[in-house]
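Quick note: the coordinates plus some simple rules give every number you see, no bench work behind them. Source: prediction; values computed, not measured. Positions of Cβ are backbone-derived with ideal geometry, glycine not excepted, and every protein chain shown enters the neighbour counts.
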Amino acid sequence: MKSKILALTAGLLAATALASVPAKADVKIGLIGGVSGPIAAMAPAMISAAELAISQVNAQGGMMDGEQLVGVVGDSQCNPQGGTDAATKAVNIEGVVGMVGPHCSGAVLAASASVTVPAGIVMVTPSGTSPEITNIEDNDLVFRTVPSDDYQGRALARTLIEQGYGKVAVAYINNDYGTGLAQAFRAEFEAQGGEIAGFAAHEEGKASYRSNLADLASGGANTLVLFDYGDGTGLTMLRQALENGFFETFIGGDGMKSNAPINELGAENLSTFFASAPVGEASNSLETFNAAFTEAGGDPDAIFVTTAYDAAFMLALALEKAGGDKEGVSAALREISNGEGEPILPGEWAKAKELIAAGTAIDYKGAAGDHNFDENGDVPGTFAFFKVGNDGFEVVTQMK
Amino acid sequence: MGFLELVNFYIIPGIVLGSIYALGAVGITLIFAILRYAHLAHGDLATLGAFVAFAVVTGIGVSPYAALPVAIVATALVAVGIDKVFYEHLRERPKIITVIASLGIALMVRAVVQVIWGVDSESYVRGISRPDVYFGLRIRDREIYTVLAMLALVGALYVFLSRSKWGKAMRAMSDNPNLALLSGIDNKTVIVLTWVIAGGLCAAAGVFLGINTELKSMMGWQMLLPMFAAAILGGVGRVEGAVLGGLIVGLAEELSVLILPSEYKAATAFVILLFMLLVRPTGILRGKVL
Amino acid sequence: MEFIGLVNYALFMGIFIAIYALLALGLNIQWGFAGLFNAGIAGFFAVGAYTSAIITSAAADGRIGGFELPFLVGWAGAMVAAGLIAWPIGKICLRFRSDYLAIATIGVAEIIRLVIKSEEALTNSARGITGLPRPFGDLPYVESQAAFLLLMIAILFVAYLLVERQFNSPWGRMMRAIRDNELAARAMGKDVEYRRLQAFIFGAALMGLGGALFAHFNRSITPEAIDPMVATFLVWIMLILGGAGNNRGAILGAAVVWIIWSVSEIATDQLPHEYAVKAKYIRLFLIGLLLQLVLRFRPEGLLPEPLRGDQGASRREPKSSARV
């Protein structure tokens, strides 16, 4: 026991010595993501999108009286162990006043229950899509800028029916993201009179999915709805389906709206590939973000970058409104984006800062939607249906 | 379902996948038999090999097949280096220590890949390749090359092990290390040779996995367990057994979709393995039981 | 950084260390004392976590459970379930030795993980079970963490005492005899298979308890928590580093490894901000490297297995000399 305490003390001393002494005026927010682990390929782009928001804030006058906004990157490893660990460090060692992330639902559930909610820190996850997040008893401290899978699955089902796809097969990755989308999609699609001619989950990371695809295709559908990640297993499946001539049309969720299929398979091969993704309602928010993120060296078509950017920017707005104090962030977060007030587009920090100082109501119109939070901290989300054009993804139609 | 469909969409992918598993499993089985521990960094070494080839492909613009020898040599050297720097000092210790050490090596190798090449999915050749149809069989060139290369590499290894002096020494070490040492076999050379072969084959497994799908930093780690299943299934220490085991695991994974819900595809290898251990722990080709 | 922040961080680390220490103690029964190479810790961890979750959570549509029983019932249930599931697994797998058992148990754990991920009616599939009761969960942050930590330490202490007592009893001597010389033990009429199975089940029950505590600490359990890296291999590193065969070593190993695992992130965060993401990979590299160094220079672990025979003798010696 004694040696345990000794080791603990030693560890803490090391932590104390190593932790940087923050400049007094910094306002810190945590950027917690699954940097290592199963979504390692997605996390860096999401973090750099959040960092774009932070650099815009700092370039346009910073927080409050010119304090710098600082993002503290933490690795949630996409599991509860890593998520709680990273969140604890961000909250207690770095002293963050708000948090963007974690990215994975399991980490969100664990970190909110054991760290951020008890500590009174607002958490905005850009990619935790599990319906379970809706039900957290969170004292209004857990938000998300990504719509729950339920909304998107249903919207996509309605759109497909409208577009005349009566019979589809569904393949989904066996995790909370894929399962949630697929089940919501199936319920709505069948309720609207569509026929599901194949419905199967798959594990990530296998080298071949041809037998899965053959099995799904044997139901006789020409259209495959694929709920997966475009830079992971979804890419492998898409490639193998195209190469082997399974299915004619491919439809993905927001996870598939990634540049990876275009880069790896070529736009010329993706003329029958469509994807849905949350967008702002009839605003040019998305273009504004795309331009800014491209200029910053990012890839605006990477997965969940828009939601990550919005999460960070809104958190900054809320902090500004709450005066940098963690107490008021939750209420402020609802105020800056409740559909009433002067519209603020991505990157318009200076304007927002002025308005907040003047006490005018503002309404953030994000790149991934308007983000008018409901009582659970969820966003209903508006979606658009994208196709692959010559310069990346192009909107086909808005989804209802 | 017609016969052709079964062959095209289940058997052929299963054989290709099995060939990739086999390349990795041969290395695992050799290390198991000669050094007597489970090498958990094997998958990540395969990732490293695949990315070395990727560097060559993008760097000088050759085909991945041309880059394969470079990847094999580089990974073999890395494998020998890892053994010299890390594993060699643990040789007299209980084998579990080396197993744990190899887990650490897996983390280190993966971190190196992630730092150098990043974490995005990459592919050797952009675009897609549709298969050629031979008498109703849909086969791609790369699939033929994968299977042929596996057969060639393993065949060469088999000849080496059964004909050459050093190959016989390796087999002797595997069968009875004490007797082998007594009869004057140079332990050190045998170990270096083992790592050269295991590392090289591992790289080949990674490159062919990359050719047939994409390159990802986790690709090797995700292949590790099926490769182990293949090695034990075939019989530890039996090179041809590892090939057979790899093919069986590959085929079983693909065919499992016909009977099981597809989310259980990954479990197939283990179910076969557990069954095999129950009825015949020596493996199909009567390897050794450690 | 404030002092209270450090305290909070320490409390959190303490809780995680206690949970991992339970897993390491369970593994120590299996490996340290019975020589069973169980590489499927995650499987028993998961069974425990989900059993307790099913017993204590509120009712939900389309899933069994929702009994809303007190968490203590859940924890007991977790131990029983993990032990029960270990019984057939042990029956089948324990006749393999060392590396074979390892591969077999990895396989079993993977199958358990896939079942948990896929069976909606049992575990709510990939979404996991949420809303579990947490002991002292209604207290404010710091108090709640501190109270939870105290509870963890109490549980760990009891577990440690029980395991330690068991090891020093004739049972423990017999287990070590079986581990070190199976033939001799068999010749002396010991039922080797049965005893091994006992050790396997005891160890698994402790792992199940660890899983249940983890689930209740986070008020949720999702399949992401049973990743082999964090739920199996990390525990192995802890036990080997702490000293297999030594219960205090197992606990110390859990503490040291978790502290390294966690604090290393703070260290790599000191790299310039452009490397914020790469720093996370470098951190994993450093953890791997550190492991190599420890294994090379301290392969018997921080606290090696006590030589119980000698220890007993030396304890008796002063007494006898006093008598003379």
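Using only Cα coordinates, the Kirkwood hydrodynamic radius of chain B works out to 19.2 Å.
At a Cβ-Cβ separation cutoff of 4.7 angstrom, cysteine residues of the protein assembly as shown with no neighbouring cysteine are B:Cys202, C:Cys93.
Kindly give Rg over Rh for chain C, based on alpha-carbon atoms, with the Kirkwood expression for the hydrodynamic radius.
On the Cα set of chain C, Rg over Rh gives 1.00.
Shape index of the range A:149-271: Rg/Rh, with Rg the Cα radius of gyration and Rh the Kirkwood radius from the inverse mean 1/r over Cα pairs, equals 0.93. Comparing B:Asn212, B:Asn178, B:Asn187 in a Gaussian network model of chain B, where Cα atoms under 10 Å apart are tied by springs, the biggest mean-square fluctuation is seen for B:Asn178. Along the range A:163-180 the Karplus relation, 6.51 cos²θ - 1.76 cosθ + 1.60 evaluated at θ = phi - 60°, assigns HN-Hα couplings of 7, x, 8, x, 9, 9, 10, 10, 10, 9, 6, 7, 9, 4, 5, x, 4, x Hz to successive residues, with x for each Gly and Pro. For a paramagnetic label modelled on B:Leu4 (point 7 Å from Cα along Cα→Cβ), amide N atoms under 15 Å away belong, within the range A:218-254, to A:245-246. Counting only C-alpha contacts under 8 Å and six or more residues apart, can you give the relative contact order of the range A:149-271 as a whole percent? This gives 26 percent for the range A:149-271.
How high is the relative contact order of chain A, in percent, counting Cα pairs under 8 Å that sit 6 or more residues apart?
Numbers: 905 pairs, mean separation 67.6, N = 400.
Relative contact order for chain A comes out at 17 percent.
With all pairs of different C-alpha atoms in the average, the Kirkwood value for the hydrodynamic radius of the range A:264-339 is 14.8 Å.
For the range C:146-236, the equivalent ellipsoid derived from the alpha-carbon gyration tensor has semi-axes of 32, 17, 9 Å in decreasing order. If R0 is 35 Å, the Cβ-Cβ spacing of A:Lys387 and A:Ala191 corresponds to a FRET efficiency of close to 0.85. Result for chain B in a Gaussian network model with C-alpha springs under 10 Å: among B:Arg91, B:Arg130, B:Arg280, the largest mean-square fluctuation is at B:Arg130.
Over all pairs of different C-alpha atoms, the range C:1-154 has a mean inverse distance whose reciprocal, the Kirkwood radius, equals 17.2 Å.
Among beta bridges identified by DSSP and lying wholly in the protein assembly as shown, the antiparallel ones come to about 35 percent. Seen against the Cα atoms of chain A and their longest principal axis, helix A:2-18 is set at about 90 degrees.
With the contact rule set at Cα under 8 Å and sequence spacing of 6 or more, what percent relative contact order holds for the range C:14-227? List each step's numbers first, then the result.
On the way: 359 pairs, mean separation 88.8, N = 214.
Answer for the range C:14-227 is 42 percent.
Pairs exceeding 21 Å between alpha-carbon atoms, taken from A:Lys257/B:Lys216; A:Lys28/A:Lys365; A:Lys321/A:Lys400: A:Lys28/A:Lys365; A:Lys321/A:Lys400. Can you pull a Stokes-Einstein diffusion coefficient for the range A:204-264 at 4 °C (1.567 mPa s), Rh from Kirkwood over Cα pairs, as a whole number of µm²/s? The estimated diffusion coefficient comes to 113 µm²/s. Rg and Dmax of the protein assembly as shown, both derived from C-alpha coordinates alone, stand at 28.1, 100 Å.
In the elastic network of chain B, a GNM with C-alpha springs shorter than 10 Å, the most mobile of B:Met223, B:Met150, B:Met276 is B:Met276.
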